[in-house]
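> One structure coming up, written as structure tokens, with questions to follow.
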Amino acid sequence: MAGFASYQALVTNVVGGLTDTFGITKTLQAPQGAGAWYSSWLQTGYPAAGSNPASTPGTSYVGAAGSITFPDVTPQRRFLTQLALNVVGQPMTLMVYDRLVGVGSVAINASGNKTVNSVALPRYADGTGVQVWLEAPSALSVNTSTLFNLSSYTNENGVAGRSGATIAPPFATLPTGSMIGPLPLQAGDLGVRSVEVGLNIGGVIPAAGTINVVLIKPLAFLVGISSPNERDQILMTTHFPRIYDGASLGLAFHSFSTTAATYMGTLSTVWG
Amino acid sequence: MPGFTSYDDLIDKITVSGQGSTFAFSKGPYTPQGAGVWYTLWTSAGMPGAGSAPASTPGTVYTQAAGSIYFPNRSPAQTHLLTFGAVANTACTLLLYDRLVGVGGIALSPAAAKTVNTQALPRYSGTNAAGVQAWLEVTTATASSGTVALSSYTNESGVAGRAGAAVGWPFAASNAGTMLGPMPLQAGDTGVRSVETVTTATSTAGVINVVLIRPLVYLPLTANNWQEKDMVLQIASMPQLYDGASLGVAIQASAASSTTVWGQLGIAWA
């Protein structure tokens, strides 16, 4: 029987060595401003920098290079049990997410619907809670009146042709890794299985550039400050999300200022 | 027997039975009119998508409503809220609530008693209406300050014809999205089963919704810093999310600055 029947059962597995800890360190790009999200996917550190996803139909992330990965444990189950973070440079909010699918090289220098046609989700197959974000593969010059929206996606119930409201970039200049999202969904929807044709560009159109469309499942968040902050996901907060086989964990941060930063930390799991 | 018998049982249900999940949400941007006032994010874009204004009287009953955060029905099992966390780009306080019923299209002009006649509560019915609050949501901006009151409502014990004190709008002209509430109740009352009329004392332009909600959890935020509340071990409350719950988010702003909220809530059922 996979899982833990009690806290004692979990402790027994920890003592028995059925635990993995992943040490994290990333050098972050200097944010353009406060209050925006930035992906660490392309940043150097540990894990090493990932690569931009392939063009349509994109990349399915399964134990992907550049992500935090763990060995498969099926028929047992793995759960997140600890997060720790220490930041030098600026306080931040860290998001740990499972990077599911990415479609790269989506041109944003012309208005209209762009083909995405993302591949099937490798995990969270029904799409409930799966979010769509835009990720800058390189530094971009856009406009705060550039408007993005999902013009055709399939929701968590398998209904195609759904569309959501527009969203604008937080700044006109987007450093590499800047994230915009989650892209708004149609009323009544709670997730995304896939994005078809797909991403609409409107408003003030950028002169050049491409963007990545990534589908992710947020798992946990932690505030980072200049002193070590550690959280037990079992006894300090009742939040121990499952880490599925093949999970490709990525990191993103929500900025507090324009100061470049480095963060270090650990992420622990237990399986049983 | 529904519910959790112990913390060990909670761990078992989540890890062995898979009876737990999280939902990450985002709402905004929304620009508040001023500090110290509540604003609804019901009609803001995001994940979930924007909700719609309620219908005119007798209004709308919210059951797993489009625009809300909702979960599958689990009866006879019970779903409980375990954690609620968020970060916003401005300092604010979040309110996570269960949106029960609403009546829209209530014109504030002329000054008079306005027919509301909300429908029966889909959850927290009968005496469980203790803790159900009535709020006003501005959908068309008001033009001048004035007061408004619940002039006839039915309290948690089913006593009709109750009336609460009048309360003034926060601004001379309150923009769409502004919330006013919770509307004062008559002395001795602790909840609202239905609202029959609201009365405006000053004729002013503007259109409002009357919504009945059940607050679940408040979360104060400083700008750009994640805060998370655990409702099992930190503040033992574990609010139940009844089948059909339609969760919405409101903010109390600290400034008239564009605000976007990103958050996550965790649940489990047994």
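The values are calculated or read from the model by the stated rules, or taken from the named source; none is laboratory data. Keep in mind it's a predicted model, so treat the numbers as computed, not measured. Neighbour counts are summed over all protein chains in view; Cβ atoms, including those assigned to glycine, are modelled from backbone coordinates with ideal geometry. For accessibility, only protein heavy atoms count, side chains too; no ligands or nucleic acids. Shrake-Rupley method; radii C 1.70, N 1.55, O 1.52, S 1.80 Å.
> Before we move on, is A:N113 in a strand (DSSP E or B) and surrounded by fewer than 19 Cβ atoms within 10 Å (Cβ to Cβ)?
Here the answer is yes, as A:N113 does meet what is asked.
> Can you find a residue in segment A:90-99 that is aromatic (F, W, Y) and either modelled with pLDDT under 95 or in contact with an Asp or Glu (Cβ under 7 Å, 6 or more places away or on another chain) (or both)? Outline the logic, then answer.
Within segment A:90-99, the first condition is being aromatic (F, W, Y), and the residues that meet it are A:97.
Narrowing further to those that are either modelled with pLDDT under 95 or in contact with an Asp or Glu (Cβ under 7 Å, 6 or more places away or on another chain) (or both): none.
No, because not a single residue in segment A:90-99 is aromatic (F, W, Y) and either modelled with pLDDT under 95 or in contact with an Asp or Glu (Cβ under 7 Å, 6 or more places away or on another chain) (or both).
> Among the residues of segment B:253-266, what is the count of those that are assigned to a strand (DSSP E or B), within 11 Å of another protein chain (Cβ to nearest Cβ) and surrounded by fewer than 24 Cβ atoms within 10 Å (Cβ to Cβ)?
1
> Considering (1) open to solvent by less than 40 Å² (accessible area, probe 1.4 Å); (2) touching a Phe, Trp or Tyr at 6+ places or on another chain (Cβ under 8 Å); (3) within 28 Å of A:L235 (Cβ to Cβ); (4) not in a loop (DSSP other than H, G, I, E, B), say which one A:L134 fails and leave the rest.
Answer for A:L134: the failing condition is (3).
> Can I ask one more? Count, please, the residues in segment B:124-156 that happen to be open to solvent by 10 Å² or more (accessible area, probe 1.4 Å), assigned to a loop (DSSP other than H, G, I, E, B) and either more than 19 Å from B:L180 (Cβ to Cβ) or at pLDDT 95 or above (or both).
Within segment B:124-156, residues that are open to solvent by 10 Å² or more (accessible area, probe 1.4 Å), assigned to a loop (DSSP other than H, G, I, E, B) and either more than 19 Å from B:L180 (Cβ to Cβ) or at pLDDT 95 or above (or both) number 4.
> Another question, then. Please work out which residue is least open to solvent (accessible area, probe 1.4 Å), limiting yourself to segment B:10-24 and to residues that are more than 8 Å from every other protein chain (Cβ to nearest Cβ) and outside any loop (DSSP other than H, G, I, E, B).
Only one residue fits best here, namely B:G20.
> Turning to a different aspect of this structure: So which residues in segment B:25-52 are among the polar types (S, T, N, Q), in a loop (DSSP other than H, G, I, E, B) and either within 12 Å of chain A (Cβ to nearest Cβ) or over 16 Å from B:A88 (Cα atoms) (or both)?
Answer for segment B:25-52, where residues must be among the polar types (S, T, N, Q), in a loop (DSSP other than H, G, I, E, B) and either within 12 Å of chain A (Cβ to nearest Cβ) or over 16 Å from B:A88 (Cα atoms) (or both): B:Q33, B:T43, B:S44, B:S52.
> Cβ-Cβ under 7 Å, sequence separation 6+ or interchain: first residue in segment A:193-206 and closer than 8 Å to A:L150 by Cβ, partner charged (D, E, K, R) and crowded, with 21+ Cβ neighbours inside 10 Å. Which pairs?
As it stands, the answer is A:G198/A:K114; A:L199/A:K114, since those pairs meet every condition given.
> Where residues in segment B:217-228 are open to solvent by 30 Å² or more (accessible area, probe 1.4 Å) and under 18 Å from the mean Cα position of the chain (by Cα), which of them is farthest from B:M179 (Cα to Cα)?
Checking each candidate, the answer is B:P220.
> Here are the criteria: (1) in contact with a Gly (Cβ under 9 Å, 6 or more places away or on another chain); (2) under 25 Å from B:G85 (Cα atoms); (3) not in a strand (DSSP E or B). Tell me which single one A:P169 does not satisfy.
Of (1) in contact with a Gly (Cβ under 9 Å, 6 or more places away or on another chain); (2) under 25 Å from B:G85 (Cα atoms); (3) not in a strand (DSSP E or B), only one is false for A:P169: (1).
> Sticking with this one: Residues of segment A:233-254 being of a type outside the set (A, V, I, L, M, F, W, C) and at pLDDT below 95, which ones?
A:Q233, A:T237, A:T238, A:H239
> Sticking with this structure for a sec: Of these, B:A66, B:A55, which one is at pLDDT 95 or above and more than 7 Å from every other protein chain (Cβ to nearest Cβ)?
Checking each option against the conditions leaves just B:A55.
> Output the strands (runs of 3 or more DSSP E) that fall wholly within segment A:175-271 and possess 1 or more residues being open to solvent by less than 10 Å² (accessible area, probe 1.4 Å), or say none.
The strands (runs of 3 or more DSSP E) meeting that bar are A:178-180, A:192-195, A:197-203, A:210-224, A:249-255, A:262-271.
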